[in-house]
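What follows is a short report on a single structure.
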Amino acid sequence: MKSDIIFGIVDIGAGGIRCQISEVSKNSDAGWRIKTIEYIIFPLSIGMDTFLKKYITFDTVYRAAEIFSKIKLKFKEYGITGNYRAVCTSAVRDAENKHFFINHIRVRTGIELEIIDENDELYIKYLGVSETLKGFKKLESKGAVLVNLSSGNVGINIRKNKIPLFSSTLPYGALRIFQLFSDIEERVKYRAYEQYINKLVLLLKKSCAEYDKITSVIGSDTSTGLLSEIFKPEGHFFDISDLTGLYLKIKTIPVPEICVELSINDYDAKILKPVLYVYISIMKSVGAKKLYFSDQNFSDQLTRFYLIKTKEKKFNKKLIEYFFYFGKKFNIDDKHAKQVLMFSEKIRRSLKNILIIKPDERAALIGSAVLHDIGYYTNINDHHEYSYRIINSLNIPGLNREVLENIAFCAFFHGSGEYSFSDMAPHYYKDKVSSERELTIKKVISILKIADALDASHMQLIKDIRLEVSDKAVNITAVSSVTPFLEIKFFKLKSTDFLETFGIPVELAVKLDYE
């Protein structure tokens, strides 16, 4: 069985708007295949506005609307209506008037833009590299730093044995660095670049305890595309000697001369020095001799992510690994966390016929089940407050900021008290939570509180649970070797949220396994 879909991707970046039209085929024997039909780059320096002025000028907004009018015609040509995604990265995401920009494009052209979360952006690029770079698994198992160097930011994902040791998006994008030091004389500007980028390496060494165990560097994004255009490598790697040689050759040369010398455009010439030195400095810091890269562009990665759903099947398994990895760093009670996770998942599955749990809600349930007690590491008396703080400080690839905040909220409210945002101190909770988001948090908390109560003693007295669900009640039968007094007590205290949220009571019966 074969089906073809024409799918459009629009990537609004710092240096231009890229539109890719692809034919995506699903063949039961060969799997998914992406064939690019058309790829168009519309130069537009949105990043020049954002990184220098903090906002997108109206002239740039107007020119962007003209570009999107052309993209709309292109979509019409291929019969694309809803089969597209138009995503904004840091150039729009960091602009103070981003919502005006998005609204103006929608009103003028009818095209809906969305701001992609920086963690999702980093995860999409990780997936793209992991699926297309030959030998990636071997590099990752030994320890690799993925450098997603774009115009606005650099996404750093340090991994070893499939576990993220460090993940963050930092303001060290190539165009941003160029803009930051644009007023310095060209002859010595490279020194400013080097000082600034060396600070990035120091931050990585300080933030990742296992940085000295990393052996490989993998590059991604338009930066490696620029290097490929210059070096035209035969394999999927660049030698550090070639990168260093080019950098030494051009580091004191002004932009117009670089354009002529390397036959590249003005924009690429502006970002080339920062691009080279970011990669060189990180490679030197880990002793890497090669910079590996995938030739899959961001538009291909977005197509796979949104249309083929590369995130869905294995993502929850990865999330569990990530959460336990971070939890162990803060000495969580591993056995309790596994028990609460098991009970949470059993309750969730039993409710599937009467309750819809969306993917982001399940991710929040998994995260809060594992990390709800992480604050004990800092303060045993107010652990729920410190759990909130610690969870909010994490960066997990593929998990957007709102989901992570929801996990933090659930950890804050997982105790026996009533759920209420008004209980949170102003420095924790500042913004109004939408009714839809509050419902998500209530759903997760209601299940989490019951699962946590079923191991209130932290002694795993309840070995297993069986659930019977009707339209009148959810009946839980807990199997135990001894009477679990604490679990029974806390179940009564924590089960009221379930009734208030879902409108159905939950009841507990204990069956002793020797009966």
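The values are calculated or read from the model by the stated rules, or taken from the named source; none is laboratory data. No experiment lies behind these values; they were computed from the predicted model shown. Every residue, glycine among them, receives a Cβ derived from its backbone with ideal geometry; neighbour counts consider all protein chains shown.
So is residue 465 assigned by TED's automatic domain parsing to the domain that holds residue 347, among the aliphatic types (A, V, I, L, M) and out of contact with any Leu (no Cβ under 6 Å at 6 or more places or on another chain) or not? Criteria met by residue 465. Of the helices (runs of 4 or more DSSP H) lying entirely inside the stretch 1-108, the ones with 3 or more residues being in contact (Cβ under 8 Å) with a residue 12 or more places away in the chain, more than 27 Å from the chain's Cα centre (by Cα) and crowded, with 17+ Cβ neighbours inside 10 Å are found at 58-77.
Conditions (1) in contact with a Cys (Cβ under 8 Å, 6 or more places away or on another chain); (2) among the hydrophobic types (A, V, I, L, M, F, W, C); (3) in contact (Cβ under 8 Å) with a residue 60 or more places away in the chain, marked per residue:
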site: 186; (1), (2), (3): no, no, yes
site: 190; (1), (2), (3): no, no, yes
site: 195; (1), (2), (3): no, no, no
site: 201; (1), (2), (3): no, yes, yes
site: 239; (1), (2), (3): no, no, no
site: 254; (1), (2), (3): no, no, yes
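Would you mind stating whether residue 407 is touching a Ser or Thr at 6+ places or on another chain (Cβ under 6 Å), modelled with pLDDT of 90 or more and closer than 26 Å to residue 121 by Cβ? When the stated conditions are applied, residue 407 passes them.
In the set (1) among the β-branched types (Val, Ile, Thr); (2) closer than 24 Å to residue 137 by Cβ; (3) in contact with a Ser or Thr (Cβ under 9 Å, 6 or more places away or on another chain), the condition left unmet by residue 240 is number (3). Here residue 219 passes the criteria (1) of a type outside the set (Lys, Arg); (2) surrounded by 14 or more Cβ atoms within 10 Å (Cβ to Cβ); (3) closer than 20 Å to residue 265 by Cα except the one numbered (3).
Per the conditions (1) touching an Asp or Glu at 6+ places or on another chain (Cβ under 8 Å); (2) closer than 19 Å to residue 65 by Cβ, the sole criterion not satisfied by residue 104 is (1). Looking at this structure, is residue 511 over 15 Å from residue 445 (Cα atoms) and charged (D, E, K, R)? Answer is yes for this residue. Scanning the stretch 162-191 for residues that are in a strand (DSSP E or B) and of a type in the set (S, T, N, Q) yields 167, 168, 169.
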